[in-house]
1. Arrange the following residues from fewest to most other Cβ atoms within 10 Å of their Cβ: 41, 46, 114.
2. Taking the Cα centre of the range 19-148 as origin, sum charge times position over the Cβ atoms of Lys and Arg (+1) and Asp and Glu (-1), and report the length of that vector in debye to the nearest 20.
3. Sticking with the crude label model, points 7 Å out along Cα→Cβ, report the distance from residue 85 to residue 49 in nm, one decimal please.
4. Once Rh for the range 19-148 is found with the Kirkwood sum over Cα pairs, what is the Stokes-Einstein diffusion coefficient at 25 °C and 0.890 mPa s, in µm²/s?
5. Of 23/104; 23/148; 66/104; 33/148, which pairs sit farther than 19 Å apart, going by alpha carbon to alpha carbon?
6. What net charge is computed for the residues neighbouring residue 28, neighbours being all others with C-beta under 15 Å from the C-beta of residue 28, Lys and Arg scored +1, Asp and Glu -1?
7. Check each of the GluC sites (Glu not before Pro) in the range 44-97 and keep only those in coil by DSSP with at most 14 other C-beta atoms within 10 angstrom; list them in order.
8. Add +1 for every Lys or Arg and -1 for every Asp or Glu among the other residues with Cβ under 11 Å from the Cβ of residue 16, and state the total.
Amino acid sequence: MNKKTFYYCKTVAGPALDEKEAKSIWQLTHAVKESRSLLDSGSIYSMLTDNAVYEAQNIETPIAGKENIGKYLDSRFEFLKDLRDQGQDIGELIPAIINLPHAKDHPCLIFEISNQRPALWVLSVTQDELIQRIDILTDAPLPSEARKL
């Protein structure tokens, strides 16, 4: 039987974000939180650059391009609406900060469900205040390292 060993060292924080970039990331992070709570994929779609990337550590291939991400979120949010309508817990996104190699105290969203933290949502934004990347982090850094605000 093959066993995989996973070694993890706590993330060393990079430099602090400049004030303008942090403000931009926070505004978009809060907008994504609201869109997810309403299961409104169109709002997130409108915040993406044309060549945005959605990448999760637990999927093999990143989703590239605004149109492809929009289609993915449409189907994902429809699935979540069905679960919610059946009375199932679909979790929530909670504003937090996380240390990343490229930024100390980077804004993020903790995905929390049934008192568990299976993932973090981290945004990268452009100077035009649009979302360039949505990274879903499940392994590194650990979602438990994020600090709720």
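1. Least crowded to most crowded, the residues run 114, 46, 41.
2. For this selection, approximately 260 debye.
3. Rounded to a tenth, the inter-label distance reads 3.7 nm.
4. Working: Rh = 14.9 Å.
Rounded, D is 165 µm²/s.
5. As for pairs spanning more than 19 Å Cα to Cα, those are 66/104.
6. Net local charge, residue 28 excluded: 0.
7. On the way: sites: 55, 60, 67, 78, 92; in loops: 60.
Those that pass, being in a loop and sparsely packed, are 60.
8. Once all neighbours under 11 Å are counted, the net charge is -3.
Bear in mind these aren't lab numbers, they're just calculated from the coordinates by the rules spelled out. For clarity, every value in this text was computed on a predicted model and none was experimentally measured. Note that we place each Cβ from the backbone using ideal geometry, even for glycine, and neighbour counts take in every protein chain shown.
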